[in-house]
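Worksheet for the structure shown next.
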Amino acid sequence: MNFSNETFVIVGGAAGIGAAIARKVAAQGASVIVCDISEINLSRICEEISTSGGTVAGYKMDVGSDESTRNICEEIFEAHGSPDHLIITVVDYSRTLGEISDISASHWKAAFEVNFFGYIRILENFIPRMQNNGKGVITITSSTLAVLPDRSMPIHIPYSTLKHALFGLATAMSVAFNSTKQPIRVISFCPSATATENAISGVAGTKFSHLQGAIAQGATADSVADTFIEKIKDDEFLICTHPNYATDIVELAKTKLNPLRFINRNQTS
Ligand SMILES: NC(=O)c1ccc[n+]([C@@H]2O[C@H](COP(=O)([O-])OP(=O)(O)OC[C@H]3O[C@@H](n4cnc5c(N)ncnc54)[C@H](O)[C@@H]3O)[C@@H](O)[C@H]2O)c1
């Protein structure tokens, strides 16, 4: 694809899947604005893209803070206007693991602060700009877990829950823009297991460290980014990287959305 004359803002784009998307769309001519809390990774991705001849700007932003998000969004609008694409890939894995026995209100609040309300803070600032501009594509990153239950759920119940919330948010926004005839498209991006550095190190040193090997065997961030970029040209709502997701969603529907029947469907009793 050619993205010349298109601007992408990628929030959480200094590492992992977001960084892979940033590199690839920049290589295809896009002007890329990366926002992230990690200054080291921000400098690294900006240097990488500009050394390869791409157009990039980096902004340090903490989506856990109203003030940081608002101030940096203003700077971005001032310097670059409203983007063609807003992609939010933020996650703070340290706050998302937890079994039923770990769950307290404070654990849940911490999990949602960056990983759900961080998305809301970005949207609160960008939606009015994109509406004024009369166009744009908003990508909200959820997870395959939001559309298909799996056996890893018991160890990251807050993560599964907030990814369902982000899927619901994308669904409702898509319908809302359509019902008011606003030409803003919403994508729910649902990657499945991807071997990013932070996803692997996120479980290190926890009681779930045995999962490192399984995550390391996930897809590469590059291949997930390739699938995402290939599919944004289709006018679809759901971009899922799980290979059999459409068939599996039908299977889940046949169980009347019963997660246990879906997970156990291939086992004989
Ligand atoms: N890796 C997987 O297996 C997988 C699977 C399904 C869905 N996802 C989702 O895909 C997205 C990207 O995942 P990833 O593995 O590439 O993650 P990642 O950790 O590599 O990248 C996320 C980025 O968010 C940034 N970030 C964290 N807190 C922030 C804050 N307060 N403000 C601004 N930036 C902040 C991090 O610095 C990091 O650069 C996430 O939404 C994740 O939940 C990942």
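The values are calculated or read from the model by the stated rules, or taken from the named source; none is laboratory data. From a predicted model like this one, the values you see are computed outputs, not experimental measurements. Reconstructed Cβ throughout: ideal geometry from the backbone, glycine too, with neighbour counts over all protein chains shown.
When each of T141, T161, T171, T180 is tested for being within 13 Å of the ligand (Cβ to nearest atom) and more than 14 Å from the chain's Cα centre (by Cα), the lone residue that passes is T161. In region 211-229, the residue that is farthest from I87 (Cα to Cα) out of those that are modelled with pLDDT of 95 or more and more than 13 Å from the ligand (Cβ to nearest atom) is D226. Only one entry of I120, I100, I127 meets the criterion of being surrounded by fewer than 19 Cβ atoms within 10 Å (Cβ to Cβ), under 15 Å from P158 (Cβ atoms) and among the aliphatic types (A, V, I, L, M), and that entry is I100. Only one of the numbered conditions (1) out of contact with any Ser or Thr (no Cβ under 8 Å at 6 or more places or on another chain); (2) at pLDDT 95 or above; (3) not aromatic (F, W, Y) is not met by E197, and that is (2). Does any residue in region 125-143 that is part of a helix (DSSP H, G or I) come within less than 8 Å, Cβ to Cβ, of a residue that is modelled with pLDDT of 95 or more and basic (K, R) six or more places away or on a different chain, and which pairs are these? Filtered contacts from region 125-143: N125/R70. Within region 183-203, being within 13 Å of the ligand (Cβ to nearest atom) and outside any strand (DSSP E or B) holds for P191, S192, A193, A195, T196, E197, N198, A199, I200, S201, G202, V203. The condition (being under 20 Å from R95 (Cβ atoms) and not hydrophobic (A, V, I, L, M, F, W, C)) is satisfied by just one residue among S223, S160, S179, S192: S160.
Checking each residue in region 153-212 for being among the basic types (K, R) and either in contact with a strand residue (DSSP E or B) (Cβ under 8 Å, 6 or more places away or on another chain) or crowded, with 18+ Cβ neighbours inside 10 Å (or both) picks out K163, R185.
Could you check region 94-122 and list, in sequence order, the residues that are within 16 Å of the ligand (Cβ to nearest atom), outside any helix (DSSP H, G or I) and within 18 Å of F208 (Cβ to Cβ)?
T96, L97, G98, listed by residue number.
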